[in-house]
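Some notes on the structure that comes next.
The values are calculated or read from the model by the stated rules, or taken from the named source; none is laboratory data. Predicted model, so just to flag it, every value in this text is computed and none were measured. As a convention, Cβ positions derive from the backbone with ideal geometry for all residues, glycine included, and neighbour counts pool all protein chains shown.
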Amino acid sequence: MWKEQYKELKFSSDSTKINTTEGDALKLGKLPLLYKYSKIDKFSLANLTTNTAWFRKATDFNDPCDSVLTIGSREFYDSQNKKQFIGVLAEIFQVQVEKIETIITGVSGKEGRRT
């Protein structure tokens, strides 16, 4: 299955197997196109001319279900993936790793209690 191959290329515990360029190419070849509907204005025209797309941060959405992230428990609790995944989320949302751990697990590491 291509997803296992992708995971190995991007997140392998063996650094000699990591090839992010090949992993990205594999994923792009398997995923459908992404469409973004928007009104025609100076911003959307600028996106077309610069071949870019602007998306609001998930933390600014007005519907919490718009940014629901589902992670299979096996993949998440695999200790090799968990630390790297939480680090990526912390970088994306520009918060400390501990904040992401608390949000995901519902347990505050400093206080050792459920939030």
- Message: If a residue must be in a loop (DSSP other than H, G, I, E, B), surrounded by 13 or more Cβ atoms within 10 Å (Cβ to Cβ) and of a type outside the set (V, I, T), how many such residues does the stretch 1-36 contain?
- Response: 2
- Query: Which helices (runs of 4 or more DSSP H) does the stretch 68-115 wholly contain that include 1 or more residues that are within 18 Å of S12 (Cα to Cα) and at pLDDT 75 or above?
  - Reply: 79-93
- Message: For the stretch 10-36: of the residues being among the hydrophobic types (A, V, I, L, M, F, W, C) and under 19 Å from K82 (Cβ atoms), which is farthest from the chain's Cα centre (by Cα)?
- Response: I18
- Query: So is K27 in the same structural domain as M1 (by TED's automatic domain parsing) and either within 30 Å of M1 (Cα to Cα) or modelled with pLDDT under 75 (or both) or not?
  - Reply: yes
- Can K39 be described as within 24 Å of K82 (Cβ to Cβ) and either assigned to a loop (DSSP other than H, G, I, E, B) or under 17 Å from the mean Cα position of the chain (by Cα) (or both)? no
- Query: If you scan the stretch 42-55, which residues turn out to be assigned to a loop (DSSP other than H, G, I, E, B) and of a type in the set (F, W, Y)?
  - Reply: W54, F55
